[in-house]
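Before any comments, here is the structure.
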Amino acid sequence: MATRNAGFQKAFLACGVSKIYEPDAALFHQGDPADGIYGVLSGGVRITAPADDGQNFTLHQEGGGFWVGDLALFASTRRLISVIATQRTETLFFPSSRLERLVKDNPDYLRDFYALSHENMQKALRIIANLGVTGTLKRLVLRLLHLEEVAADPDGWIQVSQEELAAMIAVSMPTLHRSLQRLVKQGLIEGGYGRLRLKDRGALISLCQS
């Protein structure tokens, strides 16, 4: 959003309505009708989607500055994912009726909305590409580096359970636990209940490049 022109930003933000979500509350669920776009101002959200076996898996987590909901809105389809607050989260909600009027009055703004979709597609492709990296430890480190970039905690803590992290990199819990313990013993990360923090980002990047 920060890269879009000032005219679009002002007109777009004028359409927003403040909404606050408590931990584990859903901004929306997979299959819901698309009724607008959400911008995360503070806090954080996790993104889940169902696999073919019916189980829901956590795909990613995001913090402040994340925008979601534009793809289903402009395609006039139902939501492909669920977005759940990981902590108390403040958002701006942009109802579809207001956005439709905005675009009708300013057709050029469609390019700005497509830019938001392009940004989210870049993130999705990065996640998919990193899943193809050989070696559990490298896949884990790449995902932790990505999660840290969008961590909502000012002290750098990544709020994520081991179950969610294992699903994100497609490994079993025992395999994940061994990899985490290896990183802890090397002094590269530290852990807490339902959270992790990177201690040596440079060394973690070097590990991925080795």
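Please treat every number below as a calculation from the coordinates, not as lab data. Note that this is a predicted model, so its numbers are computed, not measured. Reconstructed Cβ throughout: ideal geometry from the backbone, glycine too, with neighbour counts over all protein chains shown.
The table for this structure:
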| item | result |
| --- | --- |
| Charge dipole magnitude, Cβ of K and R +1, D and E -1 - the chain, Cα centre, debye nearest 20 | 480 debye |
| Cα shape, the stretch 127-180, gyration tensor, a/c 1.5 rule | oblate |
| Choice from Arg197, Arg46, Arg111 with maximal GNM fluctuation in the chain (Cα, 10 Å cutoff) | Arg111 |
| Taking the C-alpha atoms of the stretch 59-103, convex hull volume expressed per residue in Å³ | 95 Å³ |
| Pair-distance profile P(r), taking every C-alpha pair of the stretch 45-84, with 10 angstrom steps and integer % | 28, 49, 22, 1 |
| Cα gyration tensor shape for the stretch 113-210, rounded if a/c is under 1.5, else prolate or oblate | prolate |
| Per-residue HN-Hα couplings for the stretch 172-185 [Karplus 6.51, -1.76, 1.60; θ = phi - 60°; Hz; x = Gly/Pro] | 6, 4, x, 5, 4, 4, 4, 5, 5, 4, 5, 5, 5, 5 |
| Most positive-pole-ward Cα, Trp157, Met121, Gln186, against dipole of the stretch 89-191 from beta carbon charges | Gln186 |
| For the chain, average projected area of the Cα convex hull in nm² | 12.4 nm² |
| Cα centroid separation, the stretch 62-136 to the stretch 164-210 (Å) | 28 Å |
| Cβ-based charge dipole, the stretch 1-89, positive-most Cα from Val68, Phe28, Gly16 | Gly16 |
| Met121 versus His177: modelled label distance in nm, points set 7 Å from Cα along the beta carbon direction | 4.2 nm |
| For the chain, built as a Gaussian network whose Cα springs stay under 10 Å, the top-fluctuating residue of Leu125, Leu140, Leu80 | Leu125 |
| Test item: Cα-centred dipole of the stretch 116-210, Lys/Arg +1 and Asp/Glu -1 on Cβ, debye | 380 debye |
| The stretch 155-197 shape via C-alpha gyration tensor axes, a/c threshold 1.5 | oblate |
